[in-house]
Amino acid sequence: MRMPRRGLVIQARTRWLLVGLALLFSLVLLMYLLECAPQTDGNGSLPGVVGESMGKEYYQALLQEQEEHYQNRATSLKRQIAQLKQELQEMSDKLKSLQEKKSPKVNGMNYQGTKEQTSNDLLEFLHSQIDKAEVSVGAKLPSEYGVIPFESFTSMKVFQLEMGLTRHPEEKPVRKDKRDELVEVIEAGLEVINNPDEEDGQDEDDGVGDRQLYSENDFIEGYYRTERDKGTQYELFYKKMDGMEYRHVTLFRPFGPLMKVKSETVDISRSIINIIVPLAGRTEAFAQFMQNFRDVCIHQDKRVHLTVVYFGQDGLSEVKSILESVARETDFHNYTLVSLNEEFNRGRGLDMGARAWEKGEVLMFFCDVDVYFTAEFLNSCRLNAEPGKKVFYPVVFSLYNPAIVYANQDIPPPVEQQLVHKKDSGFWRDFGFGMTCQYRTDFLTVGGFDLEVKGWGGEDVHLYRKYLHGELMVIRTPVPGLFHLWHEKHCADELTPEQYRMCIQSKAMNEASHSHLGMLVFRDEIEAHLRKQAYRTNSEAVG
């Protein structure tokens with residue numbers, strides 16, 4: 001009986017041994033498959049099993065690895081493209097050289113020579129267009145209507161004179177061709193600055209690391225105008241954020257490619273402006289003017305002298321008190337008060353203010369007490385006036401009567417909030433020539449104002465025409481940082497018929513926009529319509 005039991009034990013052990021070997025073989029096979037299985041770019045584990053245990057960091061590491069892989073691949077492709085371009089250029093040069101050797105001759109001159117002559121003729125024509133245009137020197141003009149004004153622009157906006165009834169005084173370039181044009185011009189100016197040649201007065205031996213490179217963010221402002229038979233002129237200004245040195249580039253498009261006229265560095269850090277203000281009465285307006293003067297000139301710009309020419313005795317003590325108060329509070333003493341005991345004459349006041357300066361050459365800004373300006377405008381004044389070469393006649397943005405513009409509000413907002421370029425808030429005062437920046441020697445050379453003009457208006461146009469008839473260039477453009485504040489205007493009976501007409505015209509233009517004036521003219525008709533509508537509504541409600 002013992003032998004059968006022993007056989008059963010051996011049989012059982014054999015069976016467990018075979019099962020163990022089978023399990024060991026399966027385990028080895030599984031490990032082999034796991035070891036030899038190809039790894040995929042993504043994670044092949046099922047959601048909720050292994051994937052979640054990997055964690056967020058695992059996926060971020062995978063993404064970063066893939067990103068680096070693609071960046072390396074892109075760099076490699078760029079390098080290959082550059083090599084191919086270089087080889088293509090070399091092949092092109094070789095082919096061009098072979099063509100020059102084999103090119104047929106035409107009338108004793110080979111074809112290549114004919115092409116070069118044509119290119120030289122075209123270049124000569126384009127340069128002649130620059131010489132004919134009013135780019136480097138002024139042109140003699142018969143009247144103020146012959147001037148082609150500039151339009152000013154920044155990288156985002158254009159400030160334009162011609163509006164009609166649909167366009168706005170300040171707009172973003174809507175048309176793609178206009179946007180592309182301004183972008184191209186700004187980039188062309190940067191190319192001139194960052195890659196100067198011998199004509200620009202910079203040493204070519206200076207490496208790029210020694211020069212300050214400019215970008216689109218350094219573009220400050222530009223002006224452009226088109227002479228229909230010659231081309232378009234561009235004046236571009238660039239400045240680093242932390243510097244006072246401007247780069248000025250003039251470009252001209254003679255209805256063809258852009259051509260550089262000049263590139264120069266303009267240092268305005270020591271340029272003093274003598275702001276001359278003629279005044280009679282209007283002490284409240286002068287107090288408001290001095291508040292703006294304090295904020296802009298004393299606290300920000302710090303390179304100005306103020307000359308106030310006061311007519312009469314009424315209010316003189318108040319003006320003195322305002323000036324002394326500002327001087328005491330800000331430690332500002334760069335001002336001159338000239339007192340004239342005579343009837344107000346704007347031309348005589350500005351002339352006296354110009355002659356009161358005894359420190360040689362100076363840049364003057366002829367200003368009025370109702371004008372609000374910014375620190376950016378003062379720099380535009382410095383950049384666009386040059387002794388013996390050019391004078392600056394900015395176009396002021398004149399604000400309408402705030403009582404009409406903001407009629408739907410209880411009270412008009414503060415002056416600072418009214419300074420916006422909108423069609424219903426104001427207009428470009430393109431018929432006014434009173435605000436101007438010019439050097440003292442140029443003013444005295446042309447003979448100054450016509451002092452025979454009495455009372456309001458006319459004297460500024462006479463001076464403007466003197467410059468038009470001379471050799472100096474007149475820069476005429478709207479500027480965003482110069483505003484004429486609205487004030488009540490009275491046209492005196494003593495004015496000549498021409499002066500009275502100009503005064504009435506100015507008064508009408510200053511009051512309100514075309515649409516707001518229309519609402520005033522048709523106010524009775526509008527109110528009658530509203531009454532009818534209210535009566536009809538009430539009748540229907542009762543019925």
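Selection of first residues in region 182-207 that are modelled with pLDDT under 65 and open to solvent by 50 Å² or more (accessible area, probe 1.4 Å) and of second residues that are of a type in the set (Asp, Glu) and part of a helix (DSSP H, G or I), restricted to Cβ pairs under 7 Å at least 6 apart or on distinct chains, gives the following pairs, ordered by first then second residue: Glu204/Glu198. Open to solvent by 10 Å² or more (accessible area, probe 1.4 Å), of a type outside the set (Asp, Glu) and closer than 20 Å to Arg382 by Cβ: does that describe Arg247? It is true that Arg247 is open to solvent by 10 Å² or more (accessible area, probe 1.4 Å), of a type outside the set (Asp, Glu) and closer than 20 Å to Arg382 by Cβ. Whether any residue in region 445-457 is open to solvent by less than 70 Å² (accessible area, probe 1.4 Å), aromatic (Phe, Trp, Tyr), under 28 Å from Phe427 (Cα atoms) and outside the structural domain of Gln160 (by the TED database) is what I want to check. Scanning region 445-457 turns up at least one residue that is open to solvent by less than 70 Å² (accessible area, probe 1.4 Å), aromatic (Phe, Trp, Tyr), under 28 Å from Phe427 (Cα atoms) and outside the structural domain of Gln160 (by the TED database). Condition check for Lys359 on (1) within 36 Å of the chain's Cα centre (by Cα); (2) at pLDDT 95 or above; (3) charged (D, E, K, R); (4) over 27 Å from Glu488 (Cα atoms): one failure, at (2). Is it the case that Lys320 is on the phi > 0 side of the Ramachandran plot and basic (Lys, Arg)? No, not satisfied. Checking each residue in region 415-444 for being open to solvent by less than 60 Å² (accessible area, probe 1.4 Å), among the charged types (D, E, K, R) and touching a strand residue (DSSP E or B) at 6+ places or on another chain (Cβ under 7 Å) picks out Arg429, Arg440, Asp442. No other residue among Leu279, Leu306, Leu316 is in the same structural domain as Tyr439 (by the TED database) and without any contact (Cβ under 8 Å) to a residue 24 or more places away in the chain apart from Leu316. State yes or no: is Asn401 closer than 29 Å to Gly518 by Cα, assigned by the TED database to the domain that holds Asn345 and either buried (at least 16 other Cβ atoms within 10 Å of the Cβ) or within 30 Å of the chain's Cα centre (by Cα) (or both)? Spelling it out, Asn401 is indeed closer than 29 Å to Gly518 by Cα, assigned by the TED database to the domain that holds Asn345 and either buried (at least 16 other Cβ atoms within 10 Å of the Cβ) or within 30 Å of the chain's Cα centre (by Cα) (or both). Among the residues of region 400-408, is there at least one that is touching a strand residue (DSSP E or B) at 6+ places or on another chain (Cβ under 7 Å) and of a type outside the set (Val, Ile, Thr)? Yes: one or more hits.
Here's the yes/no breakdown for (1) more than 22 Å from Gly146 (Cα to Cα); (2) open to solvent by 50 Å² or more (accessible area, probe 1.4 Å):
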| site | (1), (2) |
| --- | --- |
| Leu482 | yes, no |
| Asp493 | yes, yes |
| Glu498 | no, yes |
| His516 | yes, no |
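Taking strands (runs of 3 or more DSSP E) as the structural unit, those lying wholly within region 392-492 and holding at least 2 residues that are closer than 25 Å to Glu134 by Cβ correspond to 436-439, 473-484.
Taking each residue of region 208-222 that is in a strand (DSSP E or B) and looking for partners that are open to solvent by 70 Å² or more (accessible area, probe 1.4 Å) and modelled with pLDDT of 95 or more with beta-carbon atoms closer than 9 Å, six or more apart or interchain, yields Ile220/Glu376; Glu221/Glu376.
Residue selection: Asn345 satisfies the criterion of being within 27 Å of Trp486 (Cβ to Cβ), open to solvent by less than 50 Å² (accessible area, probe 1.4 Å), of a type outside the set (Lys, Arg) and modelled with pLDDT under 95. Within region 505-543, if we keep just the residues that are more than 46 Å from the chain's Cα centre (by Cα) and basic (Lys, Arg), the residue that is nearest to His484 (Cα to Cα) turns out to be Arg531.
The values are calculated or read from the model by the stated rules, or taken from the named source; none is laboratory data. None of these values were measured; they are calculated from a predicted model. Cβ: placed from backbone, ideal geometry, glycine included. Neighbour counts: every protein chain shown. Just the protein is used for accessible areas: all its heavy atoms, side chains included, with ligands, DNA and RNA removed. Shrake-Rupley method; radii C 1.70, N 1.55, O 1.52, S 1.80 Å.
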